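The values are calculated or read from the model by the stated rules, or taken from the named source; none is laboratory data. Here the structure is a predicted model, which means the values were calculated and not measured. Cβ placement follows ideal geometry from the backbone for every residue including glycine, while neighbour counts extend to all protein chains displayed. All accessible areas refer to the heavy atoms of the entire protein, side chains included, with ligands and DNA or RNA removed. Shrake-Rupley method; radii C 1.70, N 1.55, O 1.52, S 1.80 Å.
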Amino acid sequence: MKVGVMQGSLKEFDLAEVLQVVGIGRQYTGIELRLSNGVVGTIFVKSGQVVSATANDTAGPNAFFNLFQAADGRFFVFRTETPPDLPEPLGPLHRMLMEVPPPGPRKSEPVQPAVAPLYAYEERELPTQAGVVSPPPNASPSMHSIGASALKAQPASVRQPPVVAAPPHGPDTRIIGIVSPKGGSGKSTISLNLSLSMARRGHSVVLIDTDVNGDILSAINARSRANIGSLDIVYNDAPLDQALLDTVMPKFKILPAVGSKLPDPELMATEQKDRWRKLLHDVSKRADIVLVDTPAGMFGHTRTVCQGCTHVLGVLQAEVIAARSFARFAEALQLLRDNERPKVLGVVLNMLQTRHHASLSVFQEAMQDLPQEWLFDTTIPRHPAFLDSTHQGLPLRHLDDDVPPPVAFLFDNLAAEVAQRLSLQIPALRARPFLL
Ligand SMILES: Nc1ncnc2c1ncn2[C@@H]1O[C@H](COP(=O)(O)OP(=O)(O)OP(=O)(O)O)[C@@H](O)[C@H]1O
Ligand SMILES: [Mg+2]
């Protein structure tokens, strides 16, 4: 059985990019191609290897390279059952891609501003299997409060909000902190687009923004819509109900970081671990899954927020500094107390640049060095559609009603992986009449 994963035009998403983002999957994946030069072919990949390639009547490495000859055409990616006898692979995907001649200049197509539609629920097959893994439990107990102790230092004059009891999370609570040791790696972008895809699957989702810098409402050009945000609730006891913003997706709400005015900065510098945990807990009662966008880095405010999360999803930018600092991801988690340490839901590689050796090497090192279960099969390439998305203030999927950019589909894949790792059941479909 073929399960469609994504499809699109090679003008927007070239073949190397398609292969790079689907090629690491542990499932048997095919890419069917209909090129503008009349060539029709299929490439199969699995676990970073090119398993086979056909182009019209040819097969093998030449067929693989022939499929790069046209810059235009359509692709269709599908997953299918792994056959009992796989052929001898043609070679590692990254090596074969490096032998492909670079493409000619691409035509950029202007993206029309779109009115964000209400999307119907659409069932997609889950693409991966993987368990939720905790970091190795060898934290040094004497070090667990290093980050927090610095934050606790505060002038006596700061008015502290009343103390609240930090409620324990139940076994079905799913609060996912989106984190990365390095700033600008794509946490907010992934939080927004992943939340949308989770809601499209039928799960109720609240995205909580906890970062006042480069916040989610700025990304969707709606800063003026917020009167109250998560920080007002934590530091000023503002009411949660009045802070939640509806989106065009009935199952997707956003809790912004702040309203029109920032809370007192001295107050914001105080650690309010229990109040953050209570807010996250209260929000989790209203949704199947809560995603929490956090500030850059693993310490400070991010650390406080993470202590209230049940899971974390790490974002690794496919770039050298990000890779070198990614060790902080596991280290920071180990420095948390056992009962406050979220589980690692997974790590997603973002901004992969298939034509750059340095970017590919981050991907290869991540495959080698991270615990195997951490890395999601879905990898997000660096793509200009993200620029359009921010420019238009819309999630990727809403950029174009008829033909969303292919990279938007990757978030559906990521959502499927997340749902599977969290054992989130797809809610039963409500019967709906078609005729009015
Ligand atoms: N895959 C991608 N391809 C191209 N641009 C991207 C991609 N992912 C994110 N970006 C862009 O990179 C910039 C930083 O992304 P984003 O704000 O999501 O990062 P962040 O980790 O939340 O940053 P911060 O640490 O400041 O909170 C944004 O302009 C965003 O549009
Ligand atoms: Mg951000």
Checklist entry - Farthest toward the dipole's positive end in the chain, which of Phe64, Leu35, His356, given Cβ charges of +1 (Lys, Arg) and -1 (Asp, Glu) about the Cα centre? => result His356
Checklist outcome for this item: At the level of C-alpha centres, the distance separating the range 37-90 and the range 377-404, in angstrom, is 27 Å
Checklist outcome for this item: Order by accessible surface, 1.4 Å probe, largest leading, for residues Arg277, Arg223 comes to Arg223, Arg277
Checklist outcome for this item: In whole angstrom, the spacing between the Cα centers of the range 235-309 and the range 329-350 equals 19 Å
Next on the checklist: Going by average Cβ density within 10 Å per residue, which order do the peptides 53-61, 67-75 take, highest to lowest?
Outcome noted: 67-75, 53-61
Checklist entry - When the accessible area of the range 165-421 is split by element with a 1.4 Å probe, what percent falls to carbon and sulfur? => result 50 percent
Checklist entry - Which helices count as membrane-span-like in the chain under these terms: full DSSP H, at least 20 Å along the axis by C-alpha, Kyte-Doolittle mean of -1.0 or more? => result 406-421
Checklist entry - How large is the dipole of the chain about the Cα centre if only Lys and Arg carry +1 and Asp and Glu carry -1, each at its Cβ, rounded to the nearest 20 debye? => result 660 debye
Checklist entry - Relative contact order for the chain: what is it in percent, counting Cα pairs under 8 Å that are at least 6 residues apart? => result 21 percent
Checklist entry - Once phi is turned into ³J(HN,Hα) by the Karplus curve 6.51 cos²θ - 1.76 cosθ + 1.60 with θ = phi - 60°, what whole-Hz value does each residue of the range 201-218 show in order, with x for glycine and proline? => result 6, x, 8, 7, 10, 10, 9, 9, 9, 10, 10, 7, 9, x, 6, 4, 5, 5
Checklist outcome for this item: With all protein chains in place and a 1.4 Å probe, Arg355 shows an accessible area in Å² (nearest 10) of 100 Å²
Item to check | Solvent-accessible area per residue, Å², over the chain with all protein chains present [probe radius 1.4 Å] | outcome: 45 Å²
Item to check | Cα gyration tensor shape for the range 1-103, rounded if a/c is under 1.5, else prolate or oblate | outcome: rounded
Checklist entry - Which trypsin sites (Lys or Arg not before Pro) from the range 299-349 combine a DSSP loop assignment with at most 13 other Cβ atoms within 10 Å? => result Arg337
Checklist outcome for this item: Taking Cα pairs closer than 8 Å and at least 6 residues apart, the relative contact order of the range 3-98 in percent is 37 percent
Checklist entry - How much accessible surface does Asp282 have with a 1.4 Å probe, in Å² rounded to 10? => result 50 Å²
Checklist outcome for this item: With only helices counted (DSSP H, runs n ≥ 4, each -39500 (n - 2.57)), the per-residue ellipticity at 222 nm for the chain, to the nearest 500, works out to -8000 deg cm²/dmol
Checklist outcome for this item: Percent antiparallel among DSSP beta bridges confined to the chain, nearest 5, equals 55 percent
Checklist entry - Using alpha-carbon pairs under 8 Å, 6+ residues apart, how would you state the relative contact order of the range 165-421 in percent? => result 25 percent
Checklist entry - For the chain, rounded, prolate or oblate, judged on the Cα gyration tensor with a ≥ b ≥ c (square roots of eigenvalues), a/c < 1.5 rounded, else prolate if a/b > b/c? => result prolate
Item to check | Accessible-area ranking of Glu17, Glu266, largest first, probe 1.4 Å | outcome: Glu266, Glu17
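Compute, for the range 321-417, the length of the dipole vector about the Cα centre, with Cβ point charges of +1 (Lys, Arg) and -1 (Asp, Glu) only. Units Debye, rounded to 20.
Dipole size: approximately 400 debye.
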Item to check | Cross-link pairs Lys46/Lys251; Lys251/Lys273; Lys182/Lys251; Lys2/Lys343; Lys46/Lys343; Lys187/Lys343 - those with Cα-Cα distance over 25 Å | outcome: Lys46/Lys251; Lys251/Lys273; Lys182/Lys251; Lys2/Lys343; Lys46/Lys343
